[in-house]
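Participant: Dropping the structure in here first, questions after.
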Amino acid sequence: MKRFYSRLLRPLRNERGEITFFACFFVVGVVMLISFLLLYASVQTTCINIRNGAKMELNNLSATIYADTYRSQRETNFEEYLRTLYSSSDYTEMLEATVAGGLAEKISLSTDDYEVSDISLEFNVVGDRAEYIFYCDVDFYIRMFGQDYPVITQRVELTGYHNTKF
C-alpha cells in the first residue's frame, strides 16, 4: 500500500521531495474548477428561488386581474379591460409594482451576492385568455480584494395566463 501511494505521488514531487510546478498548476486548476462549479450551483439555486417567488406573485396577479375583470366578464365586455390595460400606463405600473412588492416580501431583491433589477410585465391576449410575462435580470457578484465585481447576469422569465369568458 505504501508503494502505491509513493508511485501515485511521484509525478507531484521531484527528486528532493518538493512540489513541482506541474503540481502547483494542477492544484490551482482543481481549485478553480471547484470554485466555478460552486458559483454555477449558487446561480442556479438563486434563480430557482427567484422564479418560485415570482410564480407565487403571478398567481396573486391572476387573482388581481380576476377581481379587476369580474365586472367586464359579467358584462361580456373584456375589450373594456384590455383598453384599460393597454391605454393606461398607470394601471400597468401598478400591476408591476404589486408584483415587485410581493416578490420583495418573499425574497431579498439585493444582497452581497446578487441584485434583482428591471422587473417588468408584458401583457398579451392569446385566444380567450390574457397572457402575462414576468421578466427580471439578476446580476451576480463576486467579492475579491474588498470590492464586488459582476460575474454574470441571468435573465428570469415566467409566463402566466388568466382565463377569461366572453
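Participant: Consider segment 102-114. How many of its residues are under 17 Å from Val156 (Cα atoms) and not in a loop (DSSP other than H, G, I, E, B)?
Facilitator: The number of residues fulfilling the criteria is 6.
Participant: A follow-up question, please. Anything in segment 27-44 that is of a type in the set (Gly, Ala, Ser) and without any contact (Cβ under 8 Å) to a residue 40 or more places away in the chain? List them, or say none.
Facilitator: Gly29, Ser35, Ala41, listed by residue number.
We did not get these values from a lab; they are worked out from the coordinates using the rules stated. No experiment lies behind these values; they were computed from the predicted model shown. Methodologically, a virtual Cβ is constructed for each residue, glycine included, from the backbone with ideal geometry; neighbour enumeration extends over all protein chains shown.
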